[in-house]
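Step one of this worksheet: look at the structure below.
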Amino acid sequence: MTVGILGGAFDPPHVGHVVLAREAIERFRLERLVALVVAEPAHKPVETPVERRLELARAAFADIPQVEVAADDHAYTVDFLRESDLPDDAVFVIGADELADFLTWREPDEILRLVRLGVAARPGYPWEQLDDVLARLDRPERVELFEIPAVTASSTEARVRVAAGRPIDDLVPPEVARLVVAHGLYHEGVDPRGRAKLR
């Protein structure tokens, strides 16, 4: 069984995450993709408790049967991977911008010993920008680059829009938008679809 891992804060999960999951499953013929909701990421703060982000992630990926959602209590990817007993052909899926910063991660070469990296980018991404990173890794052959459809969505933009009372229909799956409203996330009392929240 080929296993993939897609980690993130998912605060909230957006349509780009869903596209990335679908494309990775197809590209690597994944029979299982674990969407790891990182409880306390080392590199950025989160606004929402992990239990709520787990709920949002389960809603976002509900239509993809290969995806299972799980919490990750490790601040660093390498610590999770060491304890996971994954096959060494498992694929850790990241974006090209994350690979650009990969040398700043804790023990990047150890990560590549434990798993392969599947690195996604939108059409037109300048792959040559990653040449220096790849040249400095012990096992660059464990990195596979692939292209995904262009999706302009981000968790930051979703939070900003909710706080401003603007719609996020184009940024997140419908059930995620509904849960954001139901739980009053990111801006209490504001419906991210741009309507007054019903009382």
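The values are calculated or read from the model by the stated rules, or taken from the named source; none is laboratory data. Nothing here was measured: the structure is a model prediction, and the numbers come from that model. Cβ sites come from the backbone with ideal geometry, for glycine too, and all protein chains shown count toward neighbours.
A few remarks follow.
- Residue within segment 154-165 that is farther than 22 Å from V50 by Cβ and buried (at least 16 other Cβ atoms within 10 Å of the Cβ) present: yes
- Within segment 67-78, the set of residues being over 18 Å from E175 (Cβ atoms) and buried (at least 16 other Cβ atoms within 10 Å of the Cβ) comprises D72, H74, Y76, T77, V78.
- From the list D97, D72, D101, the lone residue that is touching a Leu at 6+ places or on another chain (Cβ under 8 Å) and of a type in the set (D, E) is D72.
- Top-ranked residue in segment 1-30 [being surrounded by fewer than 19 Cβ atoms within 10 Å (Cβ to Cβ) and at pLDDT below 95; ranked as nearest to A75 (Cα to Cα)]: T2
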